[in-house]
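S.K.: Take this structure first; my questions come after.
The values are calculated or read from the model by the stated rules, or taken from the named source; none is laboratory data. Here the structure is a predicted model, which means the values were calculated and not measured. Here Cβ is always computed from backbone atoms with ideal geometry, including for glycine, and neighbour counts include all displayed protein chains.
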Amino acid sequence: MSANILLNDTIVALATAQGLSAIAVIRLSGEDAIAITQKVFKGKNLLEQPSHTVHFGLLHDGAKTIDEVLVTIFKAPNSFTKENSTEISCHGSPVIVKEIIKVLLKNGARLAEPGEFTKRAFLHGRFDLAQAEAVADLINAETDNARQAALNQMRGGFSKEISILREELIHFASLIELELDFGEEDVEFAKRDDLKKLIKRIQAYLLPLIQSFDEGNVIKNGVPTVIAGKPNAGKSTLLNTLLNEEKAIVSDIPGTTRDVIEDEMVLGGINFRFIDTAGLRETQDVIEAIGVERTRDRMKKASLIIYLFDLTQTTLAEIINEEEHLASLGIPYIKVGNKVDKADASLVEELKKHDFIFISASHKTNIVELKDKILASFQVKTVKAGDVLVTNLRHYQNLLQTNDALDRVLESMYNGVTGDFLAMDIRQSLHYLGEITGTITTDDLLDNIFSKFCIGK
Ligand SMILES: Nc1nc2c(c(=O)[nH]1)N(C=O)[C@@H](CNc1ccc(C(=O)N[C@@H](CCC(=O)O)C(=O)O)cc1)CN2
Ligand SMILES: Nc1nc2c(ncn2[C@@H]2O[C@H](COP(=O)(O)OP(=O)(O)OP(=O)(O)O)[C@@H](O)[C@H]2O)c(=O)[nH]1
Ligand SMILES: [K+]
Ligand SMILES: [Mg+2]
């Protein structure tokens, strides 16, 4: 495995944010991490210090002193990566960080790839793959719910249970394969009834996990919410009102917004990404037409559509016609009558029968009610310590595939198929389960996962 070659190097990266800060932390990991740090450090001999101790000294490049620093040392296997590691806390100027990294490279370290520290921790068995992925989710958490879900996953989540169930299934697969070795003889080492019971038990564990994804996905990724409607309906005004910021240009000229404008906001523990779009109409203007095309595209990908009707510019018949089109998309939507401040009272009365919410985006009327309605379409419970929730699409897909493969095992048993086919279906479910926790991996899968991490993690 190419991973072994990688593991011989000592890697270095800035672990804290780029740019000005009071203190910056530079992290090294690998066989020679402490020795390389010692080469550029003036102070106590780091090689003689116990693990998990901090030491004051000067960092230098030849005769030049770069900075006054603190160095923390971790001795293998007692570090995050389970390798020898050091952390250099220096003053936060990017110039200092650059000089220190430069001198460490000169002394035998190499720059870390994105996620390489966590990848090493995984390869050395600190945690399984699903837990490693949760480290990235934890760093990227945008709400407290997302943070708690990621922390739960990082601290174990479904990892242990899945690996236990997988072991039990492996046991059956081996027994069945043993039967095959006996060829013609009619032996049955693997009791079919016990196998059936185990599969039911595994599926009873998988199903709630699979079902948790709808909510888990909302918690981790937020809800893309498109604000759509005809030109001048007040979409950009509403975006600004929701965000409490003059984000989008508002004018009385129809066709003002051409490109998509978006920003995020946390409502009730969920991250909503509000997307203002170009007004929907037939247009000869080439640029506006591209904008309208983008609107339609975003509407298809949305998890929620806030559809704005300009109450001063429309009739009941038109609204009903527009709604039919909206409903045909098959995406949850909220019908909003805007400019209620200038609307005809009888139209409002009429629309009340059609589940509308009436607002004035510019006067900020009924905005709280609108927010409540938005939230009501995405109820999530507060995630608590220990709650197990699937938030990761890869895990979700593998759980579904495992479940399907187990269904096939049950079906095969029901149809009395021979042991060799049964064993194949079991092996298939073992494969999908093993990919979740990383018992089964490929370099491609690992690259794909860890390349999405930030450098220094
Ligand atoms: N400065 C710093 N802060 C950090 C990290 C880090 O690497 N450095 N972490 C990185 O993500 C997280 C903490 N994770 C860590 C996990 C294990 C060990 C560690 O040294 N483990 C040893 C000793 C355990 C003990 O004393 O109980 C071990 O497992 O043997 C360190 C950090 C968040 N904060
Ligand atoms: N009276 C009234 N006017 C409003 C309200 N909301 C928006 N407007 C006005 O309606 C006009 C159009 O508003 P925009 O927010 O630019 O409309 P839009 O839907 O983004 O328009 P396009 O980007 O051109 O599709 C502006 O003059 C706004 O001031 C409202 O609640 N009441
Ligand atoms: K406009
Ligand atoms: Mg606009």
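S.K.: Provide a single number: the residues in segment 100-128 that are surrounded by fewer than 18 Cβ atoms within 10 Å (Cβ to Cβ) and either within 16 Å of ligand 3 (Cβ to nearest atom) or free of Cβ contacts under 8 Å to residues at least 40 places away in the same chain (or both).
M.R.: 0
S.K.: Where residues in segment 95-124 are acidic (D, E) and not in a loop (DSSP other than H, G, I, E, B), which of them is farthest from ligand 4 (Cβ to nearest atom)?
M.R.: E99
S.K.: Another question, if that's okay. Is it true that T315 is closer than 27 Å to T143 by Cβ, of a type in the set (S, T, N, Q), assigned by TED's automatic domain parsing to the domain that holds I227 and out of contact with any His (no Cβ under 8 Å at 6 or more places or on another chain)? Explain how you work it out, then say what you get.
M.R.: Details: closer than 27 Å to T143 by Cβ: no; of a type in the set (S, T, N, Q): yes; assigned by TED's automatic domain parsing to the domain that holds I227: yes; out of contact with any His (no Cβ under 8 Å at 6 or more places or on another chain): yes.
So T315 does not fit the description; no.
S.K.: Can you name the residue in segment 26-59 that is away from ligand 1 (no atom under 16 Å from the Cβ) and in contact with a Lys or Arg (Cβ under 6 Å, 6 or more places away or on another chain) and is also farthest from N78 (Cα to Cα) among such residues?
M.R.: So the residue we want is L58.
S.K.: Taking the criterion of being modelled with pLDDT under 95 and part of a loop (DSSP other than H, G, I, E, B), would at least one residue in segment 315-323 satisfy it? If you could, list the steps in order and put the result at the bottom.
M.R.: Initial filter on segment 315-323 (modelled with pLDDT under 95): 315-323.
Remaining after also requiring part of a loop (DSSP other than H, G, I, E, B): 315.
Yes; the residues of segment 315-323 include at least one that is modelled with pLDDT under 95 and part of a loop (DSSP other than H, G, I, E, B).
S.K.: Residues to consider are E68, E87; find the one that is within 32 Å of the chain's Cα centre (by Cα) and either outside any loop (DSSP other than H, G, I, E, B) or modelled with pLDDT under 95 (or both).
M.R.: Details: E68 fails: within 32 Å of the chain's Cα centre (by Cα).
None of the other options fit; the residue is E87.
S.K.: Restricted to segment 222-261, and to residues that are surrounded by 19 or more Cβ atoms within 10 Å (Cβ to Cβ) and more than 11 Å from ligand 2 (Cβ to nearest atom), which residue is nearest to the chain's Cα centre (by Cα)?
M.R.: G222
S.K.: Is it fair to say K247 is of a type in the set (D, E, K, R) and within 9 Å of ligand 4 (Cβ to nearest atom)?
M.R.: On the way: of a type in the set (D, E, K, R): yes; within 9 Å of ligand 4 (Cβ to nearest atom): no.
No, not satisfied.
S.K.: For residues in segment 212-245 being polar (S, T, N, Q) and either assigned to a helix (DSSP H, G or I) or without any contact (Cβ under 8 Å) to a residue 24 or more places away in the chain (or both), which is farthest from ligand 1 (Cβ to nearest atom)?
M.R.: T237
S.K.: Could you give me the residue pairs with C-beta distances under 8 Å whose first residue belongs to segment 10-36 and is outside the structural domain of H55 (by TED's automatic domain parsing), whose second residue is at pLDDT 95 or above and within 16 Å of ligand 2 (Cβ to nearest atom) wherever it lies, and which are 6+ apart or on separate chains?
M.R.: Listed pairs, sorted by first residue: none to list.
S.K.: If you go through segment 304-311 one residue at a time, do you hit one that is in contact with a Ser or Thr (Cβ under 7 Å, 6 or more places away or on another chain) and either among the acidic types (D, E) or modelled with pLDDT of 95 or more (or both)?
M.R.: Of segment 304-311, the ones in contact with a Ser or Thr (Cβ under 7 Å, 6 or more places away or on another chain) are 304, 306.
With either among the acidic types (D, E) or modelled with pLDDT of 95 or more (or both) added as a condition, the list becomes 304, 306.
Among the residues of segment 304-311, at least one is in contact with a Ser or Thr (Cβ under 7 Å, 6 or more places away or on another chain) and either among the acidic types (D, E) or modelled with pLDDT of 95 or more (or both), which makes the answer yes.
S.K.: Here's another thing I want to ask about it. Against the condition surrounded by 13 or more Cβ atoms within 10 Å (Cβ to Cβ), more than 16 Å from ligand 2 (Cβ to nearest atom) and not in a helix (DSSP H, G or I), how does G156 come out, does it pass? If you could, list the steps in order and put the result at the bottom.
M.R.: On the way: surrounded by 13 or more Cβ atoms within 10 Å (Cβ to Cβ): yes; more than 16 Å from ligand 2 (Cβ to nearest atom): yes; not in a helix (DSSP H, G or I): yes.
The answer is yes for G156.
S.K.: Sticking with this one: Among the residues of segment 375-382, is there at least one that is under 30 Å from Q211 (Cβ atoms) and modelled with pLDDT of 95 or more? Spell out the reasoning first.
M.R.: Here is the first cut: in segment 375-382, the ones under 30 Å from Q211 (Cβ atoms) are 375-382.
With modelled with pLDDT of 95 or more added as a condition, the list becomes none.
No, segment 375-382 contains no residue that is under 30 Å from Q211 (Cβ atoms) and modelled with pLDDT of 95 or more.
S.K.: (1) away from ligand 3 (no atom under 15 Å from the Cβ); (2) under 29 Å from A149 (Cα atoms): which one isn't true of E282, the others all being true?
M.R.: The number of the failed condition is (2).
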